[in-house]
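The values are calculated or read from the model by the stated rules, or taken from the named source; none is laboratory data. This one's a predicted model, so the numbers in the text were calculated from it and none came from an experiment. Methodologically, a virtual Cβ is constructed for each residue, glycine included, from the backbone with ideal geometry; neighbour enumeration extends over all protein chains shown. All accessible areas refer to the heavy atoms of the entire protein, side chains included, with ligands and DNA or RNA removed. Shrake-Rupley method; radii C 1.70, N 1.55, O 1.52, S 1.80 Å.
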Amino acid sequence: EEKYMKIGICTCYDNHNYGSMLQAYATYVKFVELGYDCEFLCYRKKLNTIQKIKWLPRLLNKYLMKEKFRLIEKKIQLKEHPDIKMKDAIRQRAFDRFLENFLKDKVSAPYIGFEALRAGSKNYDVVVAGGDQLWIPAGLPTNFFNLMFADEKVKRVSYSTSFGVTEVPFYQKRRTIEYLNRIEMLGVREKSGAELIERLTGRKAVVVLDPTLLLNKEEWAQAIPVKPVLENDYIFCYFLGANSEHRKVAEELSKKTGIPLYDMPHIDEFVPYDLQFNAEHLYDIDSEQFVNLIRYAKYICTDSFHCTVFSILHHKQFLAFDRYSDPLMMSRNSRIANLCDITGLSSRRYTGDVLEQMKKPIDYDRVDERLEKEKAISVAYIREALGKND
């Protein structure tokens, strides 16, 4: 019986984003629990002039540019609001705090430049591309998340990866097919990803759970200490989109219940409505406290996939809202739709009467049963993909 010694995980563990950090942490915790020795791969690019020129076509990528403009826009807006800019800096430090406390000791020594990364791949028996939209077309040239750097002798696996798009640009098809065919076991997070892979390569990918769903409430309590962030009863609002109507719905819920709102504004973009949003704004929150805010909330209103995940795992009364109306980004709504389908919680997607819908009891025993079934499929996939470890 062959034994895989060492697993290298390629994921966005240091992205200043609650979902990214928590899915990275969950992947590590689950792999270790299953008996594997693993670490995150730390890759630092070192580009020469020719490589930099080769990167220029990325500027034509509409998804990448949309993302870049969003960040630039947020910077400009924050300049006009120095008080919020200062608070945003506090939030960025909070992300670093979580990195320091929970992830830092699980990261490899840095591989600086592509050649070092290539040579370093031989330190592992398996490399895993794990987590969120790692295969967005804009990321193709790095050859990192698509595991093109990995030596032929190293097993290549993906777990819960997604493309973030339903079609790959025509000029990337050949290279996309090439990297997909090098990956021996393909586990993706969405059905649309599995369909895309089948269209491109004729191969069947397994649809698996987001890493955060691999741990149940009790396992999360061991992974992240349970301690309240606030003293009082509260409604937790976590909106990443800019839809002011959603915020008005939360205000209505607060008015009808007499329970105050707490939110974490301006995460992905600067949202003008949040200047008048009738909520207590929280900034100094790391990923540990983010989970605890969900654990102790009376009600939760969110358009975030990972906030929805933790609401379900912690058996909360929650409502999920659609974040995007822009057709370019619509596929990102589907994550929450899929999650509600799997768990049988489509009735928790906001439809109109906030108080009535929020208070409807949820049969969490049934939800847990459904999740356990899905989890068994995902864990079986991990064991097969990484190799038996006994």
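A few notes on this one:
- Since only Leu200, Ala24, Thr212 are under comparison, the one whose Cα sits farthest along the positive direction of the charge dipole of the chain, derived from C-beta charges on Lys, Arg, Asp and Glu, is Leu200.
- Charges were assigned to the Cβ only: +1 to each Lys and Arg, -1 to each Asp and Glu. The resulting dipole of the stretch 332-390 about its Cα centre is roughly 240 debye.
- Only Lys, Arg, Asp and Glu carry charge here, each on its Cβ (+1 for the first two, -1 for the last two); on that basis the chain has a dipole of about 1340 debye about its Cα centre.
- Rounded to the nearest 20 debye, the dipole size of the stretch 238-296 about its Cα centre is 340 debye, using +1 on the Cβ of Lys and Arg and -1 on the Cβ of Asp and Glu.
- Axis angle, to the nearest 10 degrees, between helix 62-80 and the longest C-alpha principal axis of the chain: 50 degrees.
- The stretch 123-264: Rg to Rh, with Rh as the Kirkwood radius over Cα pairs: 1.12
- Using heavy atoms of the protein chains and a probe of 1.4 Å, the accessible area assigned to His315 is about 70 Å².
- Listed residues Lys66, Lys256 arranged by accessible area, highest first, probe 1.4 Å: Lys256, Lys66
- Counted charge near Glu152, where neighbours are those whose Cβ lies closer than 12 Å (Asp, Glu -1; Lys, Arg +1): +4
- Surface composition of the stretch 74-146: carbon and sulfur make up 56 percent of the accessible area, probe 1.4 Å.
- For Arg44 and Glu167, the FRET efficiency from 1/(1 + (r/R0)^6), where r spans their Cβ atoms and R0 equals 22 Å, is about 0.10.
- Helix 82-98 axis, angle to the chain major axis (alpha carbon atoms, nearest 10°): 50
- Amide H to amide H distances under 5 Å link His314 with no residue, where only residues 5 or more positions off or on other chains count and H is placed in the peptide plane.
- Projected area averaged over orientations for the stretch 68-126, convex hull of C-alpha atoms, nm²: 6.4
- In terms of overall dimensions, the stretch 173-244 has a Cα radius of gyration and Dmax of 19.5, 56 angstrom.
- In percent, rounded to a whole number, the relative contact order of the chain is 18, using alpha-carbon pairs under 8 Å and six or more apart.
- Compared with the dominant Cα axis of the chain, that is its longest principal axis, helix 287-296 is turned about 40°.
- Equivalent ellipsoid dimensions for the stretch 226-274 as semi-axes, Å, which come from the Cα gyration tensor, largest first: 20, 16, 7
- Total formal charge among the other residues, if their Cβ is under 10 angstrom from that of Asn101, Lys/Arg +1 and Asp/Glu -1: -3
- Linear extension gain, Glu231 paired with Arg383, 0.36 nm per residue minus alpha-carbon span: 50.5 nm
- Net charge of Cβ neighbours under 12 Å - reference Val229; Lys, Arg +1; Asp, Glu -1: -3
- Taking the stretch 216-332 and dividing mean pair separation by its residue count, relative contact order in percent (alpha carbons under 8 Å, at least six apart): 31
- Alpha carbon convex hull of the stretch 76-203, volume per residue in cubic angstrom: 158
- Over the stretch 132-189, the ratio between the Cα radius of gyration and 2.2 N^0.38 Å evaluates to 1.05.
- Karplus-derived HN-Hα couplings along the stretch 370-387 (A = 6.51, B = -1.76, C = 1.60, θ = phi - 60°), whole Hz, x at Gly and Pro: 5, 5, 4, 4, 5, 5, 4, 5, 5, 5, 4, 4, 4, 4, 5, 5, 8, x
- Leading residue at positive end of dipole, the chain (Cβ point charges), from Leu117, Ser347, Leu186: Leu117
- For the chain, fraction of C-alpha pairs farther apart than 33 Å, in %: 31
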